[in-house]
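The values are calculated or read from the model by the stated rules, or taken from the named source; none is laboratory data. The structure presented is a predicted model; accordingly, all values stated were derived computationally and were not measured. Because the Cβ atoms are built from the backbone with ideal geometry, glycine has one as well, and the counts that use them run over all protein chains shown.
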Amino acid sequence: MNKQSWPRETRSTCCYCGVGCGVIIESDVEHISGVRGDPAHPANFGKLCSKGSTLHLTARPEQRLLQPELRIGRADPRLPVDWDSALDHAAERFADIIATHGPDAVAFYISGQLLTEDYYVFNKLAKGLIGTNNVDSNSRLCMSSAVSAYKLTLGADAPPGCYDDIAHAGCVFIAGSNTAFAHPILFRRIEDARKANPKQKLIVVDPRRTDTAQAADLHLAIQPGSDVMLFNAMLHVMIWEGWCDEAYIAAHTENFAAVRQAVQAATPQVAAERCGISVADIVQAARWFASGPTLSLYCQGLNQSAHGTDKNATLINLHLATGQIGKPGAAPLSLTGQPNAMGGREVGGMANLLSGHRDLANPQHRAEVAALWSVPSIPERPGKTAVELFDALHCGEIKAVWIACTNPAHSLPDAQKVREALAHAEFVVVQEAFRDTDTVPFVDLLLPASTWGEKDGTVTNSERRISRVRAAVPPPGEARHDWQIAAEFGQRLAQRLGKSALLGYPDTETIFNEHRASTAKRDLDISGLSYALLEEAGPQQWPLPASANAGTARLYADGRYPTPSGKARFHAATDLPLAEDTDARYPLHLNTGRLRDQWHGMSRTGKTGRLFSHVDEPLLSMHTADMAERQLANGDIIEVTSRRGALVLRVSTSTEMSTGQAFLPMHWGEQFMRGLGANALIEGATDPHSKQPELKHAAVQVSKLELPWQVIGMVCGDTLARLRPLLPHFRYANVGLYGREHELSVFRAAHETAVDATLLAELDVALNLDAATMSYHDAKRGISKKARIEHGKLRAVRLTGETLARDWLKELMASDADATALRPWLLAPVSAPPAGQHARGRIVCNCLDVSENEINTQLAQGGGLPVLQEKLRCGTQCGSCLPELKRLAASNFKRSGA
Ligand SMILES: Nc1nc2c(c(=O)[nH]1)N[C@H]1C(S)=C(S)[C@@H](COP(=O)(O)OP(=O)(O)OC[C@H]3O[C@@H](n4cnc5c(=O)[nH]c(N)nc54)[C@H](O)[C@@H]3O)O[C@H]1N2
Ligand SMILES: Nc1nc2c(c(=O)[nH]1)N[C@H]1C(S)=C(S)[C@@H](COP(=O)(O)OP(=O)(O)OC[C@H]3O[C@@H](n4cnc5c(=O)[nH]c(N)nc54)[C@H](O)[C@@H]3O)O[C@H]1N2
Ligand code: SF4
Ligand SMILES: [Mo]
């Protein structure tokens, strides 16, 4: 008999970003106990970043959604139901709506975090079974401009390069990507390449001086939205200086004349003025780019724009004009955000696409897919894209929406309008792995989905590499796989609609094989790929046709493109202003994006204290001059307003920012703060080609808000579910976790005046302080302190009026230290810490738990990164903090005048 050894090890793929790192999951019978990088995986060779390496800490069954829940009337609470009743009810509602209003009255809104097999089933359910093309994905908010530009210029949605190109590049050109935070393991590869080849040039185009930009040889801090002008000016210089590859242009491209014309007016002088950078820097960038081999890496700074397709395509123009494509180290490589944005594109999981990179608008393609699925036809009418879909829900054109693996109430632009749309809808279904998201309160039928560590299937990363996702443990409670839920619903719906059931799949491999068949003879042909081959030979890059025995690392080596003429097409575009520009009332550009340790709406990363220690609350970053103009000091509470919403936050001075700009992380939403998050402020005008919204920009004003009454509460353990309902009662409020072995929940709030006693009593209950062991109240000064000390340890504390002690108290609780010395402090009005207590400050190195204060103290004693690594060990494990450590060392070096 086989003896099972524990912990068991399962090879799978990280469920966060599009780098697609291989992981080895350690588990016992039902629990995931650890995770480490898979040394054999070609995306990461054993490395993981701060998010990947803490995945096991976010995989606790007690935090999951475990049972279907249904509400019948809108005012009713949702109650647990069994799966049969849940799916029957859903099928009945959908069948009714379809019978009365037609198939286009229902819609599916899915996600680049689904597996390819999940995606395939949803797409077939909508387009094949129901007969609507209303199936779109959050990839519309993410990659659709990259897709449309690839198709427009190169003829197919295929990133031509691979990660290995990083090592071969002479110039790495990063535009609109904070790779150090958002694709950390790729950034490790860039660091390695630069070490191996010190001549390699790194250029970063970003309005902010991010950690990525600070590592660059040349940082082009352009004005928001001015990328097309920059790229056109670079091409202008290349033409003028004779740096173009005329032979390549002649042999392998078309439409260059139009582009030559379009960039004529984009002189370096004009561009310098518009972009806010120097002529010399533009010329330098053009020179390095043309010298090559040049690898461009780009992401949401280009895609999330009302001119995102133009931004992508004018960058691709530079590659075509200089022949920097189809050879080692040279490619326009669009970084995918989500782990399976690529897989979604492959199965055509969007409103304008069909399986196997086919186009809905093409009658031949529709006929091919109809034949493949054995259905009479695929509807011709294009489906609604993400923003249109929610607009149609808002005006009642769409009545029912089925949402899976995305949180639109948080992530779509104009969050208030999205909430209205969800509230108007007749029927909202959500498949979720966790229950605490901003969308869940609007849901009629909530279905528990399995997630990372439990699911089985495939994903494709940014370099076209298909990897297996494998289950280490069974789904908790009654959770089911996403594809299963869609298929089981589809079977029931088919019965009611009197159609043949198309979705009877026994397992994911059968779905994969059907998908594979749909790719035959297409640009992404994977006829030669199978689960067996992935098992044997590991992850593979498409195309991998039946005739091949391994995948393809680079495309277009022969200069032949999948266009009708076989040539790549230059795309002529001129610079356009942002969709929403600043004016006297809204004079600042708001930019939004990611932090190193959080993921989107925080439903997963918000489950572990460790991922809050780098940044623990939503801060608006600004330039000191803009703050001074508004008489703002670091940490002040401000109100930021746009033409459609407002948020109350703390402001933080940042050397990353240029004047006239502000930055807000996208992560915090209603679950973690008072207010709807960044998208309360964003309009999200869409790109005409890709329909991707401009999520990176809004015009805002920032003004100081006096909220003198402040409260801070901390309690051992994760009690966020109990603290959340209190957030809306304060003008400013947020919650989070902190700590490692001893995790605590932290609640911060402020208000114009003292809140009433009932609210404070509710807060005390949520903080487990209703039976406090100690309390101090000074009515005259408006200070009160309440604490519970058990077995000599501080278990909960609440401070009002005077909250300066919060940081060292947080440390005391997180270290589980003896709190005896605290008693006198607790009964006096002072805020100074008792001897031996101190605040550590932000944690920079998450793996080794090293704080910014500790790093600065060490740096003050001399030495740089190597000394930090030797003495404090920071930056020696996952490496996610390396860019920041280098920056701290460099600024210390400058400060000390060395
Ligand atoms: N830690 C972490 N990593 C993630 C994610 C996460 O949530 N957290 N999400 C994943 C997903 S889905 C995605 S899509 C990627 C996103 O990855 P990125 O696109 O790299 O991340 P962002 O922070 O959204 O934006 C990148 C940069 O665009 C800049 N930018 C803003 N406006 C402009 C502009 O007009 N021009 C230029 N050139 N730059 C501009 C911003 O200042 C920002 O630094 O990250 C993936 N990785
Ligand atoms: N202002 C602004 N807005 C943005 C952006 C920005 O930069 N600025 N970025 C945009 C981009 S690029 C993106 S990709 C989107 C991301 O936006 P969302 O897609 O809304 O982000 P997530 O929070 O990752 O949502 C995924 C949801 O699926 C759940 N989930 C996790 N695993 C599973 C599973 O296996 N099955 C199911 N059914 N559910 C699961 C999670 O708990 C989570 O609630 O945000 C967009 N919105
Ligand atoms: S870089 Fe980090 S988040 Fe992205 S796949 Fe790798 S481990 Fe996961
Ligand atoms: Mo994304």
Fill in: Test result for Ser53, in contact (Cβ under 8 Å) with a residue 12 or more places away in the chain, under 26 Å from the mean Cα position of the chain (by Cα), more than 16 Å from ligand 2 (Cβ to nearest atom) and surrounded by fewer than 19 Cβ atoms within 10 Å (Cβ to Cβ)
no
Worksheet item: In the range 478-501, what count of residues is obtained for those that are in contact with a Ser or Thr (Cβ under 9 Å, 6 or more places away or on another chain), at pLDDT 95 or above and not in a helix (DSSP H, G or I)?
Response: 3
Worksheet item: Looking at Arg630, Arg596, Arg569, Arg610, which is the one that is under 30 Å from Thr314 (Cα atoms) and more than 16 Å from ligand 2 (Cβ to nearest atom)?
Response: Arg569
Fill in: Restricting the range 602-636 to residues that are of a type in the set (D, E, K, R) and out of contact with any helix residue (DSSP H, G or I) (no Cβ under 6 Å at 6 or more places or on another chain), the residue that is nearest to Cys14 (Cα to Cα)
Asp616
Worksheet, complete the sentence: Picking from Pro376, Pro332, Pro339, Pro382, the residue that is free of Cβ contacts under 8 Å to residues at least 12 places away in the same chain, outside any helix (DSSP H, G or I) and either more than 16 Å from ligand 3 (Cβ to nearest atom) or out of contact with any helix residue (DSSP H, G or I) (no Cβ under 8 Å at 6 or more places or on another chain) (or both) would be Pro376
Item to complete: Determine, yes or no, whether Ala126 is away from ligand 1 (no atom under 16 Å from the Cβ) and surrounded by fewer than 24 Cβ atoms within 10 Å (Cβ to Cβ).
Response: no
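Conditions (1) farther than 20 Å from Lys567 by Cα; (2) of a type outside the set (S, T, N, Q); (3) buried (at least 22 other Cβ atoms within 10 Å of the Cβ), marked per residue:
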site	(1), (2), (3)
Thr322	no, no, yes
Ser334	yes, no, yes
Ala341	yes, yes, yes
Leu353	yes, yes, yes
Glu368	yes, yes, no
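Quick check: is even one residue across the range 214-227 closer than 25 Å to Gly660 by Cβ and assigned to a helix (DSSP H, G or I)?
Keep residues of the range 214-227 that are closer than 25 Å to Gly660 by Cβ, which gives 214-216, 218-227.
Narrowing further to those that are assigned to a helix (DSSP H, G or I): 214, 227.
Within the range 214-227, one or more residues are closer than 25 Å to Gly660 by Cβ and assigned to a helix (DSSP H, G or I).
Restricting to the range 88-113, name every residue that is farther than 15 Å from Glu426 by Cα and either surrounded by fewer than 23 Cβ atoms within 10 Å (Cβ to Cβ) or free of Cβ contacts under 8 Å to residues at least 40 places away in the same chain (or both). Let's see the steps before the verdict.
From the range 88-113, those farther than 15 Å from Glu426 by Cα are 88, 109-113; that's our starting set.
Correct list: Asp88 only.
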Worksheet item: Pick from the range 1-49 the residues that are within 19 Å of the chain's Cα centre (by Cα) and outside any loop (DSSP other than H, G, I, E, B): which of them is nearest to ligand 4 (Cβ to nearest atom)?
Response: Thr13
Worksheet item: When Arg74 is evaluated against the numbered criteria (1) outside any loop (DSSP other than H, G, I, E, B); (2) more than 16 Å from ligand 1 (Cβ to nearest atom); (3) more than 30 Å from Ala331 (Cα to Cα), which criterion, by number, is the only one it fails?
Response: (1)
Worksheet, complete the sentence: Filtering the range 551-584 for residues that are free of Cβ contacts under 8 Å to residues at least 60 places away in the same chain and under 31 Å from the mean Cα position of the chain (by Cα) leaves a count of 0
Worksheet item: When you look at Glu639, is it more than 16 Å from ligand 3 (Cβ to nearest atom), in contact (Cβ under 8 Å) with a residue 60 or more places away in the chain, of a type in the set (Asp, Glu) and part of a loop (DSSP other than H, G, I, E, B), yes or no?
Response: no
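Tally up the residues in the range 585-601 that are over 10 Å from the mean Cα position of the chain (by Cα) and farther than 19 Å from Gly645 by Cα, please. Talk me through it step by step, then tell me what you get.
Just the residues of the range 585-601 that are over 10 Å from the mean Cα position of the chain (by Cα), to begin with: 585-592, 596-597.
Cutting the leftovers down to farther than 19 Å from Gly645 by Cα gives us 596-597.
Number of matching residues: 2.
Give me the residue from the range 271-302 that is of a type in the set (Gly, Ala, Ser) and in a helix (DSSP H, G or I) and, out of that set, nearest to ligand 3 (Cβ to nearest atom).
Of all residues in the range 271-302, those of a type in the set (Gly, Ala, Ser) come to 271-272, 276, 278, 280, 285-286, 290-292, 296, 301.
If we keep only those that are in a helix (DSSP H, G or I) too, we end up with 271-272, 280, 285-286, 290-291, 301.
Details: Ala271: 33, Ala272: 35, Ala280: 35, Ala285: 27, Ala286: 31, Ala290: 31, Ser291: 29, Gly301: 18 Å.
Taking the candidates together, the pick is Gly301.
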